[in-house]
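Read through the structure below, which is laid out as structure tokens, and then see the notes.
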Amino acid sequence: MKTPEECLDMQEIRKEIDQIDKNVIDLLGLRFNYVKAAAKFKKNELEVNAPDRLVTMLSQRRNWAKENNLSPDVIEKMYRDLVNYFIDQELKHFKEA
């Protein structure tokens, strides 16, 4: 990968952004595999929803956003949406187990 400063034109920048986005999506897929695997360790739907874990996790992501000069509000919304989707999927997986 080139650094942003090494890119010579918009085509190179877009290529690098596309690769980063693919890596992010690949990592989200890996994260989802862990979410599904977690279902076997949970005893009930409350443990699947894990509201205390969500609060702690979102707070941590907000801190990471600040460390990277990103909007904590935007990162929280993104993770809240992502986790809600994963919880829905995990509930389906949990009920099937």
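Where a number appears in this text, it was derived from the coordinates with a stated rule and is not lab data. Please read these numbers as outputs of a predicted model, since none were measured by experiment. When we count neighbours, we look across all protein chains shown, and the Cβ atoms used for this are built from the backbone with ideal geometry, even at glycine.
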Candidate lysines - alpha carbon under 26 Å from K36, same-chain residues fewer than 8 apart omitted: K22, K77, K92, K95
Computed [θ] at 222 nm, deg cm²/dmol, the chain (DSSP H ≥ 4; -39,500 (n - 2.57); rounded to nearest 500): -27000 deg cm²/dmol
Charge dipole of the chain about the Cα centre (unit charges at C-beta), most positive-ward option of M10, L28, A39: A39
C-alpha long axis of helix 51-67 to longest principal axis of the chain, angle in °: 10
Tilt relative to the chain, helix 10-38 - C-alpha long axis, 0 to 90 degrees, to 10: 10
